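Scroll down for the structure; my scribbles are underneath it.
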Amino acid sequence: QDVSLQASNPGQFEHDSDALWQRGAAPETIAYHGRVGINTDAPDEALVVCGNAKVMGRVMHPSDSRAKQNIREVDTNEQLRRITQMRLVEYDYKPEFASVMGIKDT
């Protein structure tokens, strides 16, 4: 289920679907079960931001041993052999993409 939102008053949303925003389990949180789009009405992931995003903290992506199983050492020589088979490229961004994304050095 996708949703696009417009806030007319803080805390009040007009929506174009049967989306249900709920208070979260933790204090000062809200929950929505579906996809949320900012500057887009067609989000194809849980959260899609079309434009710049400012993060004043860290973006967390758990990847420690608590999230894994069957951890084992690998053959270093085999991994280096695989790396030598990788296709490496250099490129320049197209000017129209760079300007929209705020990239100065293309």
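Residue-level check: of (1) at pLDDT 90 or above; (2) open to solvent by 70 Å² or more (accessible area, probe 1.4 Å); (3) touching a strand residue (DSSP E or B) at 6+ places or on another chain (Cβ under 8 Å), Glu73 misses just (3).
Residues in the stretch 36-82 that are of a type in the set (Asp, Glu) and assigned to a loop (DSSP other than H, G, I, E, B) were compared, and the one that is farthest from the chain's Cα centre (by Cα) is Asp75. One residue alone among Arg23, Arg87 is at pLDDT 90 or above and either open to solvent by 100 Å² or more (accessible area, probe 1.4 Å) or of a type in the set (A, V, I, L, M, F, W, C) (or both), and that residue is Arg87. Residue count for the stretch 83-106, restricted to those that are assigned to a loop (DSSP other than H, G, I, E, B) and of a type outside the set (Val, Ile, Thr): 12.
Taking each residue of the stretch 40-66 that is closer than 24 Å to Ala98 by Cβ and modelled with pLDDT of 90 or more and looking for partners that are β-branched (Val, Ile, Thr) and assigned to a loop (DSSP other than H, G, I, E, B) with beta-carbon atoms closer than 6 Å, six or more apart or interchain, yields Val48/Thr40; Cys50/Thr40. Going by the structure shown, is Gln6 open to solvent by 100 Å² or more (accessible area, probe 1.4 Å), modelled with pLDDT under 90 and touching an Asp or Glu at 6+ places or on another chain (Cβ under 6 Å)? When the stated conditions are applied, Gln6 passes them.
The values are calculated or read from the model by the stated rules, or taken from the named source; none is laboratory data. Only a predicted model underlies this, so the values are computations on that prediction, with no experimental measurement involved. With ideal geometry, Cβ positions are generated from the backbone for all residues, glycine too; neighbour counts draw on all protein chains shown. Heads up: the accessible areas ignore ligands, DNA and RNA and are worked out on the full protein's heavy atoms, side chains in. Shrake-Rupley method; radii C 1.70, N 1.55, O 1.52, S 1.80 Å.
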